[in-house]
1. For the stretch 33-97, what % of the accessible area comes from carbon and sulfur atoms, probe 1.4 Å?
2. Enter the accessible area of Val45 (Å², nearest 10), with the probe set to 1.4 Å and all protein chains included.
3. Do any GluC sites (Glu not before Pro) in the stretch 11-101 lie in a DSSP loop with no more than 12 other beta carbon atoms within 10 Å, and if so, which?
4. Which residues does the label zone of Asp73 cover in the stretch 35-56, counting backbone N under 19 Å from a point 7 Å along Cα→Cβ?
5. Please report the accessible area of Leu41 (heavy atoms, 1.4 Å probe, ligands and nucleic acids excluded) in Å², nearest 10.
6. Can you work out ³J(HN,Hα) from phi for every residue in the stretch 42-51, in order, using Karplus 6.51 cos²θ - 1.76 cosθ + 1.60 and θ = phi - 60°, giving whole Hz and x for Gly and Pro?
7. Roughly how big is the stretch 1-91's charge dipole about its Cα centre, with Cβ charges of +1 (Lys, Arg) and -1 (Asp, Glu), in debye to the nearest 20?
8. For Asp9, Asp73, give the ranking by accessible area with the largest first, probe 1.4 Å.
Amino acid sequence: QRTHQSTKDWYEIKQECESLGCNPIKLIQPVQTRWNSNAMLFKSVLRNEQGLKSVRDNSLNANLTILIPSDEDFQVIAELHPFLAKCQEYSEIWSSDKTPTVHKIQ
């Protein structure tokens, strides 16, 4: 949420990612009514992991650095993301109007 409200914070993360050779993507803000947004959030956090860790370890912006996951948190996110991504995939299949879904789910 902070990176959506503060362009300076997102700019700092983006610059750090770019300086490390990462291609930064905007962090997804989860929506309470869409559980799939958590899978998208985890994916965006993992894609920006190097830059986020660098900002956490080197930035003087304490209001931002305190919000960046610890190394253990990144590990948990990495372990949970494949499961959430698979749930998101099936959710998109089930909600599709154009494809028959029963045989895909079976």
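1. Values: 2270 of 4160 Å².
Roughly 55 percent of what the probe reaches on the stretch 33-97 is carbon or sulfur.
2. 20 Å²
3. Working: sites: Glu12, Glu16, Glu18, Glu49, Glu72, Glu79, Glu89, Glu92; in loops: none.
The qualifying sites: there are none.
4. 37-56
5. The value for Leu41 is about 40 Å².
6. Working through the residues one at a time gives 4, 4, 5, 5, 5, 5, 9, 3, 4, x Hz.
7. Details: 10 positive and 11 negative charges, 77 e Å.
Roughly 360 debye for the stretch 1-91.
8. Values: Asp9 5, Asp73 75 Å².
From most exposed to least exposed: Asp73, Asp9.
The values are calculated or read from the model by the stated rules, or taken from the named source; none is laboratory data. Note that the coordinates shown come from a computational prediction; the quantities given were computed from them, not determined experimentally. With ideal geometry, Cβ positions are generated from the backbone for all residues, glycine too; neighbour counts draw on all protein chains shown. The area values use the complete protein model at the heavy-atom level, side chains included, leaving out ligands, DNA and RNA. Shrake-Rupley method; radii C 1.70, N 1.55, O 1.52, S 1.80 Å.
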